[in-house]
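What follows is a short report on a single structure.
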Amino acid sequence: MTRLSKDFLLHEFTRSQQAARLGRAIVAEPEIVEALTKLCINVLQPLRDAIGTTITVTSGYRPAWLNLMVGGSATSQHMKGEAADIVAAGYTPLQLCREIAMLDLPFDQLILEFDEWSHVSFSDRKRGQILTARVVNGETVYLKGLVPA
């Protein structure tokens, strides 16, 4: 098993129920593994160390076919290995996003998505962008900041 950081394994970022149902494996090329390693070392591992609880990756690397299948954005950082959707034991998604923001981690984007999970990315852009995703009239809209439900 390939270790990306102390507490994160590549397998956590390349598993998918949708892919498994199709009998398709998710293979991360070396540049994807490199991007996932940067995400873990710079954001996810420092977060895990700070909060002291398990972080579960609910969606990690998505090849283009999987991203299309799950309705991901055409420009999703998941396809580059730069993003993960996460949940953490003992934290609501809003609480987790607030913790990430408070820790001043070098994320590119932090998105509270539909009050269900936290999306966090790392890239050379390091925008530090904080958003909330909501469905309004059947469309996904992004609000600036962390907006409680």
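When only DSSP loop residues count, what GluC sites (Glu not before Pro) in the stretch 53-143 have their Cβ near at most 15 other Cβ atoms within 10 Å?
The qualifying sites are Glu116.
Using a 1.4 angstrom probe, figure out how much accessible area the stretch 85-149 has per residue, in square angstrom, rounded to the nearest whole.
54
Rounded to the nearest 500, what is the 222 nm mean residue ellipticity of the chain from helices alone, with -39500 (n - 2.57) per DSSP H run of 4+ residues and division by all residues?
Calculated from helices alone, the mean residue ellipticity at 222 nm is -7500 deg cm²/dmol.
So how far, in whole Å, is the C-alpha centre of the stretch 55-89 from the one of the stretch 29-44?
13
Work out which trypsin sites (Lys or Arg not before Pro) in the chain are exposed loop sites (DSSP not H, G, I, E or B, at most 13 other Cβ within 10 Å) and give the longest gap free of them.
7-124
Radius of gyration and Dmax for the chain's Cα atoms, expressed in Å?
14.5, 44
Any chance you could run the full-extension gain for Ser73 through Leu143? It's 0.36 nm times the residue separation minus the Cα-Cα distance, nm to one decimal. Numbers along the way, then the final one.
Numbers: separation 70, 0.36 × 70 = 25.20 nm, distance 1.63 nm.
Length difference between fully extended and current span is 23.6 nm.
Anyone know which of Ala133, Ala25, Ala101 comes out most mobile in the 10 Å Cα GNM of the chain?
Top of the fluctuation ranking is Ala25.
Do any chymotrypsin sites (Phe, Trp or Tyr not before Pro) in the stretch 48-149 lie in a loop, going by DSSP, with at most 16 other beta-carbon atoms within 10 Å of their beta carbon, and if so which?
Phe114
Over the chain, what is the mean sequence separation of C-alpha contacts under 8 Å (at least six apart), divided by residue count, expressed as relative contact order in percent?
After rounding, I find 18 percent.
If you plug each phi of the stretch 65-82 into the Karplus form 6.51 cos²θ - 1.76 cosθ + 1.60 with θ = phi - 60°, what whole-Hz ³J(HN,Hα) values come out, in order, with x for Gly and Pro?
4, 6, 4, 5, 4, 8, x, x, 4, 5, 10, 4, 5, 4, 6, 9, x, 9
Note the full-extension length gain between Ala25 and Asp124 as 0.36 nm times their separation in residues minus their Cα-Cα distance, in nm to one decimal.
That pair, Ala25 and Asp124, stretches by 32.8 nm at full extension.
Could you check which residue among Gly71, Gly60, Gly81 shows the biggest mean-square fluctuation in a GNM of the chain with a 10 Å Cα cutoff?
Judging by the Gaussian network model, the answer is Gly71.
Residue by residue through the stretch 58-63, what is 3J(HN,Hα) from phi via Karplus (6.51 cos²θ - 1.76 cosθ + 1.60, θ = phi - 60°)? Round to whole Hz and write x for glycine and proline.
My calculation for the stretch 58-63 gives 8, 7, x, 5, 10, x Hz in order.
Which shape class, rounded, prolate or oblate, goes with the stretch 47-115 when its Cα gyration tensor gives a ≥ b ≥ c as root eigenvalues, a/c under 1.5 marks rounded, and past that a/b bigger than b/c marks prolate?
Prolate shape, in that a/c is at least 1.5 and a/b is the bigger ratio.
Could you give each residue of the stretch 124-131 its phi-based ³J(HN,Hα) in whole Hz, using Karplus coefficients 6.51, -1.76, 1.60 with θ = phi - 60°, and x for Gly or Pro?
Residue by residue, the stretch 124-131 yields 5, 5, 6, 5, x, 7, 10, 9 Hz.
Restricting to lysine pairs 8 or more places apart or on different chains, what number in the chain have Cα atoms under 17 Å apart?
Numbers: Lys6/Lys38; Lys38/Lys80; Lys38/Lys126; Lys80/Lys126; Lys126/Lys144.
For the chain, qualifying lysine pairs total 5.
The values are calculated or read from the model by the stated rules, or taken from the named source; none is laboratory data. The structure presented is a predicted model; accordingly, all values stated were derived computationally and were not measured. Cβ coordinates were reconstructed from backbone atoms using ideal geometry, including for glycine residues, and neighbour counts include every protein chain displayed. The area values use the complete protein model at the heavy-atom level, side chains included, leaving out ligands, DNA and RNA. Shrake-Rupley method; radii C 1.70, N 1.55, O 1.52, S 1.80 Å.
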